[in-house]
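Data block below; observations after.
The values are calculated or read from the model by the stated rules, or taken from the named source; none is laboratory data. On a predicted model such as this, the values are computed, not experimentally measured, just so you know. Backbone-built Cβ (ideal geometry, glycine too); neighbour counts: all protein chains shown.
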Amino acid sequence: MARIETREYLDSTLIDKEFLKSLIQIADKNNPKIGIKTEITIASEQEKTTYENWDEFNESRLLPKKIKSISIKKTPYIKKEREKIISFFLYVDQDGDNSYYQLIGYDDGKLSTFKKEINNLLDKYKNWYAFLFNSSFTWVILELISFISFIFLMWRLLLKFSHIIEKEFFLGIGFGALGVLLYYYLHIFYEKAFPYSDFQISVTKRTKWLRNIITLIFSGLLINLIWGVINLII
């Protein structure tokens, strides 16, 4: 039988325990009940821990608060049994650029079913802002609009207080410094509010709720700034 290997890259995805549990259940469903081993690896900046089954991982009290990457591997215990098993490997990193899952098997029909079920699950856990990462042009435009809105806001504030010292000097220095500073913090906010791989393994429900509220508030402020710029231009 021919060996079939397929690899699919992930969109911006929410990674929590429910997602990982469902993923492992799909892998178990599409494989024999015996003869396959599971490895779940969680890596942080300081260490890497590998769990030998779901229960061991689920019951762990030592999961890092800031996760760098997660991987799940399902492979046969005995190599000669590999034709009966679909090997599965998932790797999700912090930035998401190299996040993917891989299937290796010998039965085209089983592989197609397995792949379809995984993709359906990934669609359910795709972050609502995934479109920002799917198009670099979209992000450039949003970043540009955000930057301009901040600059216009600062400009209006600077004009208001420009009588304190000479107008040209104040505007020149203030414009440049605030522009660079705000542009820098915009990037930081973007990375915090819209992470590519949104690891919520060790995040409590309360923390999730607070983060969603903060993101909503900042998004609302940004929209108001953009609307203010539009009104100013018109």
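Mind listing whichever residues of the range 36-58 are over 15 Å from residue 75 (Cα atoms) and either outside any loop (DSSP other than H, G, I, E, B) or not assigned by TED's automatic domain parsing to the domain that holds residue 22 (or both)? Talk me through it step by step, then tell me what you get.
Going through the range 36-58, the residues over 15 Å from residue 75 (Cα atoms) turn out to be 42-49, 55-58.
Across the range 36-58, the qualifying residues are 42, 43, 48, 49, 55, 56, 57, 58.
If you check every pair at least six apart or on different chains, which have Cβ atoms under 9 Å apart with a residue in the range 95-116 that is under 24 Å from residue 14 (Cβ atoms) first and a residue that is small (Gly, Ala, Ser) and part of a strand (DSSP E or B) second?
Every condition considered, the pairs that remain are 95/197; 96/197; 99/69; 99/197; 102/87; 103/87; 114/105.
What number of residues within the range 1-35 are among the acidic types (Asp, Glu) and either in a loop (DSSP other than H, G, I, E, B) or in contact with an Asp or Glu (Cβ under 6 Å, 6 or more places away or on another chain) (or both)? Break it down into steps so the answer makes sense when it comes.
To start, the set of residues in the range 1-35 that are among the acidic types (Asp, Glu) comprises 5, 8, 11, 16, 18, 28.
Those still in the list that are either in a loop (DSSP other than H, G, I, E, B) or in contact with an Asp or Glu (Cβ under 6 Å, 6 or more places away or on another chain) (or both) too: 11, 16.
Within the range 1-35, residues that are among the acidic types (Asp, Glu) and either in a loop (DSSP other than H, G, I, E, B) or in contact with an Asp or Glu (Cβ under 6 Å, 6 or more places away or on another chain) (or both) number 2.
Restricted to the range 74-128, and to residues that are closer than 19 Å to residue 199 by Cβ and among the basic types (Lys, Arg), which residue is farthest from the chain's Cα centre (by Cα)?
Here the residue is 124.
For residues in the range 74-116 being in a strand (DSSP E or B) and hydrophobic (A, V, I, L, M, F, W, C), which is nearest to residue 31 (Cα to Cα)?
Of all residues in the range 74-116, those in a strand (DSSP E or B) come to 74-76, 87-93, 100-105.
Filter once more, so that each one left must be hydrophobic (A, V, I, L, M, F, W, C): 88-90, 92, 103-104.
Details: 88: 10, 89: 14, 90: 16, 92: 22, 103: 12, 104: 12 Å.
Across the range 74-116, the extreme among qualifying residues is 88.
Report, by residue number, each residue of the range 76-119 that is touching a helix residue (DSSP H, G or I) at 6+ places or on another chain (Cβ under 8 Å), of a type in the set (Ser, Thr, Tyr) and within 24 Å of residue 42 (Cβ to Cβ).
101
Could you say whether any residue in the range 127-138 is touching a Leu at 6+ places or on another chain (Cβ under 9 Å), part of a helix (DSSP H, G or I), more than 30 Å from residue 19 (Cα to Cα) and at pLDDT below 70? Can you show your working first?
Narrowing the range 127-138 to residues touching a Leu at 6+ places or on another chain (Cβ under 9 Å): 127, 132, 138.
From what is left, the residues that are part of a helix (DSSP H, G or I) are 132, 138.
The next check asks that each one be more than 30 Å from residue 19 (Cα to Cα); those that pass are none.
Looking through the range 127-138, none of the residues is touching a Leu at 6+ places or on another chain (Cβ under 9 Å), part of a helix (DSSP H, G or I), more than 30 Å from residue 19 (Cα to Cα) and at pLDDT below 70.
I'm trying to understand the selection: among the residues of the range 64-73, which are part of a strand (DSSP E or B) and within 14 Å of the chain's Cα centre (by Cα)?
Narrowing the range 64-73 to residues part of a strand (DSSP E or B): 69-73.
Those that are part of a strand (DSSP E or B) and within 14 Å of the chain's Cα centre (by Cα): 69, 70.
Exactly one of these conditions fails for residue 61: (1) in contact with a Gly (Cβ under 9 Å, 6 or more places away or on another chain); (2) in a loop (DSSP other than H, G, I, E, B). Give me its number.
Every listed condition holds for residue 61 apart from (1).
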